[in-house]
Amino acid sequence: MSTVPAVGFDLDMTLIDSRPGIKAVYVEIARRTGVPIDADLVVSRLGPPVELEMAHWFAEDEVEQRADEYRALYPAIAVDEVEALPGAHAAFDDVRARGARVVVITAKNEPHARLHLDRLGLVADEVRGRAWRGGKADVLREVGALAYVGDHEHDMEAAVTAEVAGIGVTTGPCDAESLRAAGAQAVLASLEDLPARLDALWSRPAVS
């Protein structure tokens with residue numbers, strides 16, 4: 001574990017609005033396979049690994065193949081369609097100004113996560129991909145996180161499991177009520193409100 005404290009961030013719908021890019025990939029998979037995928041429905045519930053979404057549209061024995069196809073198509077189709085959400089750059093700057101590390105922890109695979117971060121000029125100290133639910137909690141513990149910022153109720157559950165502060169943002173599929181019910185200590189309308197919340201977190205006594 002690093003001795004430098006960290007703040008963890010989810011990626012999709014926390015730091016970036018990935019809906020246009022992800023939708024475009026699913027539209028292409030629907031075209032190739034002839035399966036009528038409702039891409040708008042897909043992007044209304046982002047968060048879980050792609051395999052879980054593919055299971056809604058394909059037979060069990062096809063899911064892995066279609067998930068691999070999705071990942072193969074993703075760089076060329078999705079990356080240029082995605083933009084940073086308001087406050088993302090400032091949030092990274094604020095964390096660093098406090099002497100802490102920025103760690104992105106996402107269910108997306110690490111290479112694709114890095115493509116987005118690099119294109120958008122979001123410089124993380126560390127990126128951990130293919131992490132979901134309990135896997136996110138494991139990473140939060142490993143990196144010495146003080147907080148985890150995310151848009152999904154499962155992000156907040158991971159923070160609770162890791163015994164760190166869960167900070168929810170309502171820029172994704174989950175509303176404030178569901179984020180709080182999952183254990184969020186604070187819920188923000190966007191990352192633009194994060195610095196004030198971190199002020200409160202940093203004012204707490206240090207945790208050994």
Exercise. Hey, what number do you get for the chain at 222 nm if only DSSP H runs of n ≥ 4 count, each worth -39500 (n - 2.57), divided across all residues, to the nearest 500?
Worked result: -13000 deg cm²/dmol
Problem set entry | Radius, Kirkwood style, for the chain when every pair of distinct Cα atoms is counted (Å) | 17.2
Exercise. Label point 7 Å out from V79 along Cα-to-Cβ: which residues of segment 129-171 have amide N under 20 Å?
Worked result: 129-131
Exercise. Hey, if you drop one equal point scatterer on each alpha-carbon of segment 19-81 and run the Debye formula without solvent, what base-10 log of I(q)/I(0) do you get at q = 0.13, 0.25, 0.28 Å⁻¹?
Worked result: -0.28, -1.15, -1.46
Problem set entry | Sparse-neighbour loop sites [GluC sites (Glu not before Pro); segment 127-201; at most 15 other C-beta within 10 Å; DSSP] | E163
Exercise. Given the options D80, D151, D12, which has the most mean-square fluctuation in a GNM of the chain, springs set between C-alpha atoms less than 10 angstrom apart?
Worked result: D80
Problem set entry | the chain - percent relative contact order, Cα under 8 Å, separation 6 or more | 26
For this session: List the equivalent ellipsoid semi-axes of segment 37-117 in whole Å, largest first, each obtained as the square root of 5λ for an eigenvalue λ of the Cα gyration tensor.
Result: 30, 13, 12
For this session: Give the percent of DSSP beta bridges with both residues in the chain that are antiparallel, rounded to the nearest 5.
Result: 10
Exercise. If you add up the charges near E153, with Lys and Arg at +1 and Asp and Glu at -1, over every other residue whose beta carbon is less than 13 angstrom from its beta carbon, what do you get?
Worked result: -2
Seminar exercise, completed: Helix 110-120: inclination vs the chain longest Cα principal axis, degrees, rounded to 10, gives 70
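Values quoted throughout were computed directly from the atomic coordinates according to the rules given, and no laboratory measurement underlies them. Just so we're clear, the structure is a prediction, and the values are computed from it rather than from any experiment. As a convention, Cβ positions derive from the backbone with ideal geometry for all residues, glycine included, and neighbour counts pool all protein chains shown.
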